[in-house]
Amino acid sequence: MPLVNPANKRSIEIVVVGSGLAGASAAATLAEMGYKVKCFCFQDSPRRAHSIAAQGGINAAKNYQNDGDSVYRLFYDTIKGGDYRAREANVHRLAEVSANIIDQCVAQGVPLAREYGGLLDNRSFGGTQVQRTFYAAGQTGQQLLLGAYSALERQIGMGKVEMFTRHEMLEVVKIEGKARGIIARNLITGELERHFGHAVLLGTGGYGNVFYLSTNAMGSNVTAAWKAHKKGAFFGNPCFTQIHPTCIPVSGDHQSKLTLMSESLRNDGRIWVPKKKDDQRKATDIPEDERDYYLERRYPAFGNLVPRDVASRAAKERCDAGYGVGVSKLAVYLDFTANTERYGRIEASVHNIHNPDKETCMRLGREVIKEKYGNLFDMYKQITGENPYELPMRIYPAVHYTMGGLWVDYNLMTTVPGLYALGEANFSDHGANRLGASALMQGLADGYFVIPYTIGSYISKELATKAIPLDHPAFVEAEASVKAILDKFISIKGTKSVDFFHKKLGKIMWDKCGMARNAKGLSEAIVEIQQLRKEFWSDLRVPGSTDEFNPELEKAGRVADFIELGELMCMDALNRNESCGGHFREEYQTEEGEALRDDENYAYVSAWEYKDDVKFELHKEELKFENIKIAQRSYK
Ligand SMILES: Cc1cc2nc3c(=O)[nH]c(=O)nc-3n(C[C@H](O)[C@H](O)[C@H](O)COP(=O)(O)OP(=O)(O)OC[C@H]3O[C@@H](n4cnc5c(N)ncnc54)[C@H](O)[C@@H]3O)c2cc1C
């Protein structure tokens, strides 16, 4: 990678949109290297980025457990986990830098969990047979973000990063084909602002909220990526959505948020349903031999730790077949009894209690479980009113993560020169299914270790470019187009709220482009979404005005973009006549109900180009596997 010397870096301005793990780590690192950075987020503080919600952990190939881990194995697990739909070179780089991330975070003082002797502890996540997940209780994202945020704040304090909170980027400014800045709205005053950058980086997160109900933070949205898409950045694999198997089931029509129970719980919990259909007994009254530990039965080698797509589909299959539990019957049990007792027995031994009775084991074991997952258990109890230390949790799959995103090359640059995408906002490393604890790894890899190197490749050719004045016609035009859209929202003065449209979109997406999809449903969904878009633009009601704090106006913009994205997701899912990872086309499955890939015709990344008036053109990036033998995935 070409380098940029320190004196030149000082005259280069970089706009970073996003202050989650990807954006904050990139902004802090680039400023540390000497670039002049402007960083934007729509929350009131960088540390409120959605990354803070991450619970379970972050992967790294440290092999601390001496259980056979290596850079190659992490690389292999990730490619296989993604059902052979990710680019080999990027994933190998991710595996290589994974170990550096842990060192970086420990150096920052991130309190990752440690064993008694002081060494960093690991736990298991899905899709692997080694323990490589580093964690900080059930709040790993929060602690990692505090690390990145501290590094960012340090640079802000030194005047090397200018931070713009409560600012929403609403347009990319392109001059002579290159990204040269953004238009952002000050969310407090409503004012539109122009910001120049020699390069623009988007670390703006994922778009799971297109489904309305998801585990994502309420504010997470696709707007920044979608504006970039409409300015020429291709969108990669938009239909690849991750449905997480362990979430608290939907409880009613008026819900606006779903809650994740971290995958780390599958480390110690066993998943089961009653063997008898429509069994009305309490979970604790169902004897052991009348329980179906269906993941352990179907996938003996990986058991409860199969990847998320596999576990989600298996839960759906059991519920659809009539074995679901709870009032809705759309839930399965996640039970900690066996491991609580096992931990208790070890603790008893440690405390010199010989031949402990079951009650003693359970009491001591609960303390261990509390230490590991206490905040998650509390959260479950607060939401459901049931005590998971006494009764198994009820869980069901929910939308959680989007593998799709802006298409980027090896250097993380989109198809617009100078415009980069990092973290969940890009399509990158996870193929058709992300393994647990790999998003934090990827976001921090992109920000701390990839972009600081790869950006030099572009910037080294931009040294002669002086800061472009903000009255350049491209800035004026971009601002005018943003203003026109905002004014339009207010002027419709229809009868329906933004949420009305968002909920409707979410239902179409979940029913027809969710955990299972088929050609008929997807074709119907495309027509329904087009109708919804028409209705949105003619019957939307947004109160207030554009020049004030107006959350309904913010939501209107985000939902308008979600509606267009939803259509593209359905088109992408319809185009991909195969099943792979989280993309399960009902027409393409093995006899055992597993995803059936078509490598001959679909071993490519779909990269969609935006054409005027919500039309899209498909480009294909062929995937070549030179270091891993492509095979039917098996977790048996
Ligand atoms: C409940 C939950 C638990 C999870 N647990 C784990 C886990 O244990 N391990 C794991 O690896 N992954 C986990 N994930 C996934 C992981 O948290 C995310 O993929 C990751 O944190 C995304 O980071 P990011 O930096 O890409 O984006 P985000 O953290 O979403 O940050 C986006 C940033 O962009 C800003 N932004 C967005 N749009 C605009 C705009 N238009 N203008 C200005 N600013 C904008 C936001 O303000 C924010 O600062 C979890 C996800 C969820 C939902």
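The values are calculated or read from the model by the stated rules, or taken from the named source; none is laboratory data. This is a predicted model, so every value here is computed, not measured. We place every Cβ from the backbone using ideal geometry, glycine too, and count neighbours over all the protein chains shown. With ligands, DNA and RNA removed, areas are computed over all heavy atoms of the protein, side chains included. Shrake-Rupley method; radii C 1.70, N 1.55, O 1.52, S 1.80 Å.
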Check: residue 131 passes all but one of (1) within 11 Å of the ligand (Cβ to nearest atom); (2) open to solvent by 40 Å² or more (accessible area, probe 1.4 Å); (3) not in a helix (DSSP H, G or I); which number fails?
Finding: (1)
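The rows are residues; the columns are (1) touching a residue at least 12 places away in the same chain (Cβ under 8 Å); (2) within 7 Å of the ligand (Cβ to nearest atom); (3) over 25 Å from residue 455 (Cα atoms); (4) within 18 Å of the chain's Cα centre (by Cα).
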residue: 29; (1), (2), (3), (4): yes, no, no, no
residue: 35; (1), (2), (3), (4): yes, no, no, no
residue: 52; (1), (2), (3), (4): yes, no, yes, yes
residue: 56; (1), (2), (3), (4): yes, yes, yes, yes
Next item on the list: Please tell me if residue 159 is closer than 30 Å to residue 434 by Cα, part of a loop (DSSP other than H, G, I, E, B) and either among the small types (Gly, Ala, Ser) or more than 15 Å from the chain's Cα centre (by Cα) (or both).
Entry: no
Next item on the list: Return the total of residues in region 392-408 being within 14 Å of residue 86 (Cβ to Cβ) and not in a strand (DSSP E or B).
Entry: 4
Check: Inside region 450-539, counting only helices (runs of 4 or more DSSP H) that do not spill past its ends, which hold 2 or more residues that are open to solvent by 50 Å² or more (accessible area, probe 1.4 Å)?
Finding: 473-492, 498-513, 519-539
Check: When you look at residue 213, is it surrounded by 24 or more Cβ atoms within 10 Å (Cβ to Cβ) and farther than 30 Å from residue 65 by Cα, yes or no?
Finding: no
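Looking at 126, 117, 159, 138, can you tell me which residue is near the ligand (Cβ under 10 Å from one of its atoms) and not polar (S, T, N, Q)?
Values: 126 fails: near the ligand (Cβ under 10 Å from one of its atoms); 117 fails: near the ligand (Cβ under 10 Å from one of its atoms); 159 fails: near the ligand (Cβ under 10 Å from one of its atoms).
When all the criteria are applied, what remains is 138.
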Next item on the list: Mind listing just one residue for me: the one in region 393-426 that is within 30 Å of residue 336 (Cβ to Cβ) and more than 9 Å from the ligand (Cβ to nearest atom) and, of those, surrounded by the most Cβ atoms within 10 Å (Cβ to Cβ)?
Entry: 403
Notebook entry, point to check: Pick from region 230-268 the residues that are aliphatic (A, V, I, L, M) and either without any contact (Cβ under 8 Å) to a residue 24 or more places away in the chain or within 13 Å of the ligand (Cβ to nearest atom) (or both): which of them is farthest from residue 124 (Cα to Cα)?
Noted result: 258
Notebook entry, point to check: How many residues are part of a strand (DSSP E or B) and either open to solvent by 40 Å² or more (accessible area, probe 1.4 Å) or among the aromatic types (Phe, Trp, Tyr) (or both) when one looks only at region 593-620?
Noted result: 11
Check: Out of all the residues in region 357-373, is one or more open to solvent by 10 Å² or more (accessible area, probe 1.4 Å) and either within 30 Å of residue 175 (Cβ to Cβ) or within 16 Å of the ligand (Cβ to nearest atom) (or both)?
Finding: yes
Next item on the list: Tell me which residues, restricted to region 9-59, are within 23 Å of residue 376 (Cα to Cα), surrounded by 19 or more Cβ atoms within 10 Å (Cβ to Cβ) and aliphatic (A, V, I, L, M).
Entry: 21, 49, 52, 54, 58
